[in-house]
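Can you read through this structure? Questions will come right after.
Nothing in this text is a laboratory measurement; each read-out follows from the coordinates by a stated rule. From a predicted model like this one, the values you see are computed outputs, not experimental measurements. No Cβ is skipped: glycine too gets one built from the backbone with ideal geometry, and neighbour counts run over all protein chains shown.
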């Protein structure tokens, strides 16, 4: 592990480490290990996510709004970090070698978060997701025209025309920017809010500070998350049953490798 760089962004906020590429491999290894040790929690939280995705798509098809499936496919993963809070708690306890707990204890911790700062972060994520959906709708109409919004429900040929391909490219580029901004705001903030008593604004500033301190490493982590999530979504979201919990557990270890507690600071 590299040297520590202090970033006093707020009361209770941790200092930040300078990370190495090996930290990503360790985080994924530890995430897979945590998933294998406590698979029930990973499978449960991932199932909630996958079933939620299926339900959204089913409602869209029943409402003849199939065209919305495209932006939602790219936007739906934005809410994944919030659903991973339970996985953070499992990894936190395993890391502390605390094995005297049950599933009820984990769900109780998740339930108690409603009284802390996590609901504020949840609203940030939800509003962000809704804004992305609106933006994708506007982009669709801008490139293909309002009539395509109804005609695409019976034929996806619009998407194979030059305007449709351009819309997909532009939308994909904007979507990548939207996703990375949210990644920068949440990559450390969510596990930090679970781990410490800090406000959600401080947690987001800390998360951005981690990105600024380790831009190449964190960009590689963002790419890893995007690539694995995209591949896992291809077979009807089924791959997320494994990928989501592993990434959720690994995200906890990224947080721990990117920050320094007071005890670790004194030992450095």
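With each pseudo-label sitting 7 Å past Cα toward Cβ, what's the residue 36-residue 176 distance in nm, one decimal?
3.4
Then there is this: Order 247-258, 226-237 from most to least packed using the mean count of other Cβ atoms within 10 Å.
Values: 247-258: 25.7, 226-237: 14.7.
Descending mean neighbour count gives 247-258, 226-237.
Moving on. Could I have the simple spin-label model distance between residue 241 and residue 120, label points 7 Å from Cα toward Cβ, reported in nm to one decimal?
3.9
Work out how much length residue 62 to residue 219 would gain on full extension: take 0.36 nm times their residue separation and subtract the Cα-Cα distance, in nm to one decimal.
Numbers: separation 157, 0.36 × 157 = 56.52 nm, distance 3.83 nm.
The residue 62-residue 219 span can extend by a further 52.7 nm.
Sticking with this one: Compute the distance in nm between two label points, each set 7 Å from the Cα along the Cα-to-Cβ direction, one at residue 112 and one at residue 169.
Result: 5.3 nm between the two label points.
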